[in-house]
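The next block holds one structure in the form of structure tokens; read it before the comments.
Derivation of every value follows stated rules applied to the coordinates shown; laboratory data play no part. These numbers were taken from a predicted model, which means no experiment stands behind them. Positions of Cβ are generated from backbone atoms using ideal geometry, with glycine treated the same way; all protein chains shown enter the neighbour counts.
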Amino acid sequence: MSLTVIRYHRGMGRWEPNAHGRLEQAAIELYIERGFEQTTVAEIAKVAGLTERTFFRYFVDKREVLFWGAGALQELLVKTVLDAPRSEGPISVISAAIQAAGAVFQERREGVLLRQRVIGANPELQERELIKLAFLATALADALRKRGVKEPSASLSAEAGIAVLKIAFQRWVREAGSHDLGQLIRDLFAELKTVTES
């Protein structure tokens, strides 16, 4: 896979449009080219044609470039659970939420695969990814409890959903996004049903 490297003119001002996107793109390019650990914030800002100060307006640190979307993902999952019809059971509701997340990943396929390539090469980032998944499971369980689902059903359903997402996502990344992530998620929920009924 080749990357298109966009170099910005040094004279570009820090208030140019899409500073966030430019910083993110520059960071990912550098992480892949040089490695996450070897890349500095100063280098990211320079490639983006911005200042370090501007970088810190958008990101807390260079790891955050890879994880800034976690809040929006959590909001999507929780909203999907809370908005689901009351007649739906916990696993059906969680399945719908995980499929909604899968649709977002599928839509942003190239960027997601590049991001995952960086995370896969760095144990510290892999640990951060696992922590993110744990927070998502907690948020899903909380949303189910707001729907009146009791424990341990709420936590079991949420954890099962995150397990499905993790396994489907790993397969999707391993196969370079050649499959539809939504279909992988549906297949795994069907497999989960088969496993629990046998």
Can you tell me which residue in the range 179-198 is surrounded by the most Cβ atoms within 10 Å (Cβ to Cβ), limited to those that are assigned to a helix (DSSP H, G or I) and polar (S, T, N, Q)?
-> Gln183
Hey, among the residues in the range 38-67 that are among the aromatic types (Phe, Trp, Tyr) and in contact (Cβ under 8 Å) with a residue 24 or more places away in the chain, which one's nearest to Gly182 (Cα to Cα)?
-> Phe67
Return the residue satisfying two criteria in turn: it lies in the range 95-118 and is more than 10 Å from the chain's Cα centre (by Cα) and polar (S, T, N, Q), and of such residues it is surrounded by the fewest Cβ atoms within 10 Å (Cβ to Cβ).
-> Gln106
Test each condition in (1) more than 15 Å from Thr80 (Cα to Cα); (2) without any contact (Cβ under 8 Å) to a residue 60 or more places away in the chain for Val104 and report the one that comes out false.
-> (1)
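Only one of Lys62, Lys46 is closer than 18 Å to His20 by Cβ and either in contact with a strand residue (DSSP E or B) (Cβ under 8 Å, 6 or more places away or on another chain) or part of a helix (DSSP H, G or I) (or both). Can you tell me which?
Details: Lys62 fails: either in contact with a strand residue (DSSP E or B) (Cβ under 8 Å, 6 or more places away or on another chain) or part of a helix (DSSP H, G or I) (or both).
On inspection, the qualifying residue turns out to be Lys46.
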Kindly provide the set of residues from the range 140-165 that are buried (at least 16 other Cβ atoms within 10 Å of the Cβ) and under 18 Å from the mean Cα position of the chain (by Cα), ordered by number.
-> Leu140, Ala158, Glu159, Ala160, Gly161, Ile162, Val164, Leu165
Can you name the residue in the range 89-139 that is part of a helix (DSSP H, G or I) and in contact with a Phe, Trp or Tyr (Cβ under 6 Å, 6 or more places away or on another chain) and, of all such residues, is farthest from Gln74 (Cα to Cα)?
-> Val118
Please indicate, with yes or no, whether at least one residue in the range 31-41 is in contact with an Asp or Glu (Cβ under 7 Å, 6 or more places away or on another chain) and surrounded by fewer than 21 Cβ atoms within 10 Å (Cβ to Cβ).
-> yes
Would you call Val81 touching a Lys or Arg at 6+ places or on another chain (Cβ under 8 Å), crowded, with 16+ Cβ neighbours inside 10 Å and β-branched (Val, Ile, Thr)?
-> yes
Enumerate the pairs (first residue in the range 71-87 and assigned to a helix (DSSP H, G or I); second residue anywhere and polar (S, T, N, Q)) with beta-carbon separation below 9 Å, excluding pairs fewer than 6 apart on the same chain, so at least 6 apart or on different chains.
-> Thr80/Gln99
